[in-house]
Amino acid sequence: MNEDARAKKEIAAIKGTKDILPAEAGNWQWAEAAARQIFELYGYRELRAPVFEATELFEKGTGRASDVVVKEMYTFIDKGGRSITLRPEYTPSVVRAIVEHRLDLQPEPLRFYFMGPMFRYDKPQKGRYRQFHQIDVEVFGEKDPAIDAETIEMAHALLARLGVTETETLVNSVGCKACRPAYHRELKAAAEKTGDVLCADCRRKIDTNPLRIFDCKVEACREAAAMFPRIIDHLCDECRDHFVRFRSCLDLYKIPYRIDPLLVRGLDYYTKTAFEIVTTKLGAQNAICGGGRYDDMMKEFGGPDLCGIGFAMGMERLLSVTEPRPVQGKVLYVAYLGDEAKKVGMKLARIFRRAAIECLLEFKDKGLKAHMARANKLGAAWVIIAGEDELRKGRYPLKDMGSGVQTEGTPEEIIRAIQESA
Ligand SMILES: [Zn+2]
Ligand SMILES: [Zn+2]
């Protein structure tokens, strides 16, 4: 390619990223607004952490042996020689922020939510992006399994608001520090017996973190994993009691669920409750919400011994199962004829916008007929016509584009008429 051709070549978006164009952005805003509204009803407040953090935060929080940390992180050395990572998930950032700002001194439970982009160097495929977006919820300082059920109930409240009804809730318990070591030994022994059946990746995991074999997508590994001992049969008394009480709370909310003993989630830090809400709408079961309890993370970050539970929803997948909402508001088009009238139009547009009426004013001079055609094309609900005569009288004609009826009034009268009809 010569210099000229190279200069002319279009620069495209990076593979695995996606523009959210205005036609879609309305849906995003609608879903985000619904999430904010619902979470605040449950006492959650927004916590916005930076997009990038010290790499160590995710190695420690997400787990060195997890696929996310090993294969998928966007990590780079910045100009100051520090290792920086674009967040692959949100939980470690929230935990860091709580410890750093001593938010734990506030009355518990602490409830936070967040929405924004996450980054994982994953294989790009349909509906999966390297910059993807999550709605994230975290609550800290509540040991009672009722809160596990309440977060799931809240997720369902949001899904119901978004019209997502074809779902199934999967639950499991992944045990705790007390019961997991013995289970790991049994799992390791069972995995070792499989010989060469497991993929190279999984064979490596036998020693580092055998629980992660359950995350492998290779068919042979999945078949083998289905025969492995299950954590749910190896829970200590405390974990078993927690799981029983958690499920009784789901019953109280009349949330149907299925116990999935293979559901261990892809991250190392979960303790006790793990859950997913899958949509059955896209044919194959796809998780639209996943989460669980992580009772040890805060302490491991040098913070207080504060338990936590949370979930994340993937925005892209969530929006793929909601009905699109066209939320076009009604628009007033300001037409004017000539240079003097243009100035009147500019002033009028300002008055209407200050009164919270969406107002379109274009600066290219045209005749009345062309203005009307343009207003029609833009889908304007009303057209106001500004001319010098109108300015002298202080009264302006207003045409309702739906009914074709034309009235007349002062700007104040027109504002009132529009507000009443909106
Ligand atoms: Zn346990
Ligand atoms: Zn494998």
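The values are calculated or read from the model by the stated rules, or taken from the named source; none is laboratory data. Note that the structure is predicted; figures quoted are calculated from it, not measured. Backbone-built Cβ (ideal geometry, glycine too); neighbour counts: all protein chains shown. Areas reflect the complete protein model, heavy atoms only, side chains present, ligands, DNA and RNA absent. Shrake-Rupley method; radii C 1.70, N 1.55, O 1.52, S 1.80 Å.
Among the conditions (1) within 23 Å of Leu235 (Cβ to Cβ); (2) open to solvent by less than 30 Å² (accessible area, probe 1.4 Å); (3) touching a Gly at 6+ places or on another chain (Cβ under 7 Å), Ala312 misses just one, which is (1). For the stretch 84-117, filtering for residues that are outside any strand (DSSP E or B) and either of a type outside the set (Lys, Arg) or open to solvent by 10 Å² or more (accessible area, probe 1.4 Å) (or both) leaves 22. For the stretch 247-272, taking the residues that are touching a residue at least 24 places away in the same chain (Cβ under 8 Å) and in a helix (DSSP H, G or I), the one that is farthest from ligand 2 (Cβ to nearest atom) is identified as Leu252. I need the full set of residues from the stretch 197-233 which are surrounded by fewer than 20 Cβ atoms within 10 Å (Cβ to Cβ), within 12 Å of ligand 2 (Cβ to nearest atom) and small (Gly, Ala, Ser), in order please. Hits for the stretch 197-233 are Ala200, Ala220.
Within the stretch 166-178, the set of residues being within 16 Å of ligand 1 (Cβ to nearest atom) and surrounded by fewer than 21 Cβ atoms within 10 Å (Cβ to Cβ) comprises Cys176, Lys177, Ala178. Using the structure shown, decide if Gly81 is small (Gly, Ala, Ser), surrounded by fewer than 20 Cβ atoms within 10 Å (Cβ to Cβ) and part of a loop (DSSP other than H, G, I, E, B). It is true that Gly81 is small (Gly, Ala, Ser), surrounded by fewer than 20 Cβ atoms within 10 Å (Cβ to Cβ) and part of a loop (DSSP other than H, G, I, E, B).
For (1) charged (D, E, K, R); (2) touching a helix residue (DSSP H, G or I) at 6+ places or on another chain (Cβ under 8 Å); (3) within 16 Å of ligand 1 (Cβ to nearest atom); (4) open to solvent by 40 Å² or more (accessible area, probe 1.4 Å), each residue gets a yes or a no:
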site	(1), (2), (3), (4)
Phe246	no, yes, yes, no
Lys254	yes, no, no, yes
Arg258	yes, no, no, yes
Ile277	no, yes, no, no
Thr280	no, no, no, yes
Tyr294	no, yes, yes, no
Gly303	no, yes, no, no
Leu306	no, yes, no, no
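Every residue in the stretch 41-64 that is open to solvent by less than 30 Å² (accessible area, probe 1.4 Å) and either of a type in the set (Ser, Thr, Tyr) or over 18 Å from Phe132 (Cα atoms) (or both), please. Within the stretch 41-64, Tyr44, Leu47, Thr55, Leu57, Gly61, Thr62, Gly63 meet the criteria. If you go through the stretch 387-404 and keep only what is loosely packed, with under 11 Cβ neighbours inside 10 Å and of a type in the set (Ser, Thr, Tyr), you end up with just Ser403.
Confirm whether Leu361 is surrounded by 14 or more Cβ atoms within 10 Å (Cβ to Cβ) and in contact with a Gly (Cβ under 7 Å, 6 or more places away or on another chain).
Yes: the conditions hold for Leu361.
Within 16 Å of ligand 2 (Cβ to nearest atom) and under 30 Å from Asp104 (Cα atoms): is that true of Val244 in this structure? No: the conditions fail for Val244.
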